[in-house]
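Notes for the one structure printed next.
Every number in this text was worked out from the coordinates using simple rules, so none of it is lab data. Just so you know, these numbers come straight off a predicted model, no measurement behind them. Because the Cβ atoms are built from the backbone with ideal geometry, glycine has one as well, and the counts that use them run over all protein chains shown.
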Amino acid sequence: MAILKDDSRHPSCEVELNILMVNEESVKFRIEFRFGPAFPAINTEIYCLKRDFLQLLEDITQLEPAYLSMLEPHDPGLCIYHIPHYGEYFFPGYGIFQIPKEEREEAEQRYKLVFVLDAYEKNHHGARECGPALCIIVTMEQIRVFITTLREQVKKFKSKR
């Protein structure tokens, strides 16, 4: 199991991903969003092609801090958006705004990730990348630990065969 927690003094939001099955062609995993005691946890099981899952893991480690990204395996079920923490934003009535580098408060680059479960696909209506979501802000080191744990889980299944 791999857990990615919000980077804060009191993290209450986290995403847990647990590999349930791996074969030559596919991966089955369970993903759970936890929001602390304020909201109920949400979880689902997702099947996807193994090559797509491994590519998704690689793509997460290649995020560019200044650019919006949308990461998803070709099989529907999960979509991950990266919103630049200090990117350019459009504010209606004001136009495009970006916080100057000298006014940024973080010592380490952080990444705002939005994990979205595809409710349309789960309800057998096709893929749409819309459904329950969890937004967390993390460091690249947290992302690397999360991805390393998942890669190790995939390898353990491979070695059991």
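Quick one: Kirkwood hydrodynamic radius for segment 1-77, alpha-carbon pairs, angstrom, one decimal? All intermediate terms of the calculation are to be shown ahead of the outcome.
Working: mean 1/r = 0.0716 Å⁻¹.
Here the Kirkwood hydrodynamic radius works out to 14.0 Å.
Remark: the Asp52-Asn18 segment gains 10.6 nm on full extension, using 0.36 nm per residue and subtracting the alpha carbon distance.
Once both labels are positioned 7 Å from their Cα atoms along Cα-to-Cβ, the gap between Gln62 and Lys112 label points is 2.4 nm.
Taking 0.36 nm per residue of separation and subtracting the Cα-Cα distance, full extension of the segment from Met1 to Met140 would add 48.2 nm. The modelled label-to-label distance for the pair His10/Ser26, using points 7 Å beyond Cα in the direction of Cβ, is 4.3 nm.
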